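Report on the structure given below.
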There are 2 protein chains.
Amino acid sequence: MKKIILASKSKDRSELFTRLNIPFETLKTQINEKDYKNHYSDPIELVKELAKLKALKAKEILKSKEKGVIIIAADTIVELNGKIIGKARNEEEAFHTLKNLTNRSHNLITGIAISEINDSKVIVDYDMTNVTFLYLSDDEIWEYIKTEEWKGRAGCYSIRDRASLFIKEIRGSPSNVIGLPMEKIFRILKSEFNVSLLDY
Amino acid sequence: MKKIILASKSKDRSELFTRLNIPFETLKTQINEKDYKNHYSDPIELVKELAKLKALKAKEILKSKEKGVIIIAADTIVELNGKIIGKARNEEEAFHTLKNLTNRSHNLITGIAISEINDSKVIVDYDMTNVTFLYLSDDEIWEYIKTEEWKGRAGCYSIRDRASLFIKEIRGSPSNVIGLPMEKIFRILKSEFNVSLLDY
């Protein structure tokens, strides 16, 4: 059974694996995302590039001769009308972001990169889920901000927590909205790495 | 702050509320669902009726003079090509159900009934989410059945657990797939009962 390393410190991503009872380890990769955000205007190209860089960085950190280690890296952004929306730095920014998301649809885009530690092949892909919020009053947005769920999250919300109250509809993979398109990862691991997550 | 009673013993439904940090109590209502399943051929009418009956039963059990108690009841079924698919009684039935769901779309329908204990008004509604599974081989279905996630669940799967690996796309409310359309409940509580779940 190949060891799985999730090159991410996101609590949301870890929980997706934890719930499946799949053993894994996490690894923090320091990528200066801002440098790249200025170079890529296409959101899909950006998240794919960042996911790839994180996977390569993880390989470099591990420098392991160990065989059979699978590295999974990901990067998630919110896209609204072609504009990339990242994480908010403070409550005012979070309010501004949520105000923009209310009563309309946006896209949640996650880039993924999967690689085996002792193999140069890196599979890079992405998944996109469309999310529609219901209308929220300014007071409701502020009430939500007080829960602090916006912190560290692309688009300032988490679909599994209080924001589930605002999500009218999604179209696409639900796990992708949490930060990892699990169905896509399952398929890539099976076809490209001969790994079945059902075996764990 | 009105007390919330969830007239359901479903672990999945409870978790939806727990994650929101909303205090609530659960209550088991014994309804002989089979009696009704034979009388309602329309899935939507069936889940609405069952949710209403559960809410009324909860009121009867509580017999409380206490003011400000909100009762939320729900019933979930899976509908595939107009046919209602319930819970499986054994592994063979679970295999048969999952085999039917693979490589196509089905609907997850939840009926909800909301009422205040000392008020005769009962708001009954439903929500429907379309779920698309990827193709699974017979071996993969059996591997999934071994996880026992199928037990006690309409459609024999849970979107949050290993079945997240099979779910290609959903269209509609993600919490509805888990057993409670949270966005709809949020809106009904606000408009009909003057209760904001954001206040809890």
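Derivation of every value follows stated rules applied to the coordinates shown; laboratory data play no part. Remember, predicted model here, so these are calculated numbers, not experimental data. In this analysis, Cβ positions are derived from the backbone assuming ideal geometry, glycine residues included, and neighbour counts consider all displayed protein chains.
Using the crude model of +1 on Lys and Arg Cβ and -1 on Asp and Glu Cβ, and no other charge, please compute the dipole size for the protein assembly as shown relative to its Cα centre, in debye to 20.
That gives the protein assembly as shown a dipole magnitude of about 540 debye.
So how many Å³ per residue does the convex hull of the Cα atoms of the stretch A:124-200 work out to?
Normalising the Cα hull of the stretch A:124-200 by residue number yields 112 Å³.
Once the dipole of chain A is set up with Lys and Arg at +1 and Asp and Glu at -1 on Cβ about the Cα centre, which of A:Asn194, A:Ile167, A:Gly111 lies farthest towards its positive end?
With unit charges placed on the Cβ atoms, the residue in question is A:Asn194.
For A:Glu60, go 7 angstrom from Cα along the Cα-to-Cβ vector, then report the distances to that same point in the other copies in nm, smallest first.
A:Glu60 label point versus its equivalents elsewhere: 6.9 nm.
Just need the Rg to Rh number for the stretch A:46-195, please, alpha carbons only, Kirkwood Rh.
Rg divided by Rh gives 1.05.
On a 26 Å Cα-Cα criterion, which of the cross-link pairs A:Lys11/B:Lys52; A:Lys54/A:Lys121; A:Lys9/A:Lys190; A:Lys151/A:Lys190 come out too long?
A:Lys11/B:Lys52; A:Lys151/A:Lys190
Counting only C-alpha contacts under 8 Å and six or more residues apart, can you give the relative contact order of the stretch B:1-110 as a whole percent?
29 percent.
Can you list the distances in nanometres, one decimal and ascending, from the B:Lys121 label point to the identical position in each other copy, with the point 7 Å along Cα to Cβ?
6.2
GNM, chain A, Cα, under 10 Å: largest mean-square fluctuation among A:Leu53, A:Leu180, A:Leu20?
A:Leu20
Give me the extension gain from B:Lys121 to B:Met1: residue separation times 0.36 nm, minus the current Cα-Cα distance, reported in nm with one decimal.
41.3 nm
Which three lengths, in whole Å and largest first, does the protein assembly as shown cover when its Cα atoms are put on their principal axes?
Here the spans come out as 67, 53, 30 Å, largest first.
List the residues, sorted by chain then number, that are 5 or more residues from B:Val195 or on another chain and whose placed amide H is less than 5 Å from its amide H.
Those lying under 5 Å, H to H, from B:Val195 are B:Lys190.
Can you list the distances in nanometres, one decimal and ascending, from the B:Arg89 label point to the identical position in each other copy, with the point 7 Å along Cα to Cβ?
Spacings between copies for this position, smallest first, are 6.3 nm.
If you average the sequence gap of Cα pairs under 8 Å that are 6 or more apart and divide by the length of the stretch B:3-199, what percent do you get for the contact order?
Across the stretch B:3-199, relative contact order equals 21 percent.
Which of the aspartates and glutamates could a cross-linker bridge to A:Lys57, judged by Cα under 16 Å and excluding same-chain residues fewer than eight apart?
A:Glu25, A:Glu33, A:Asp35, A:Glu49, A:Asp75, A:Glu116, A:Asp119
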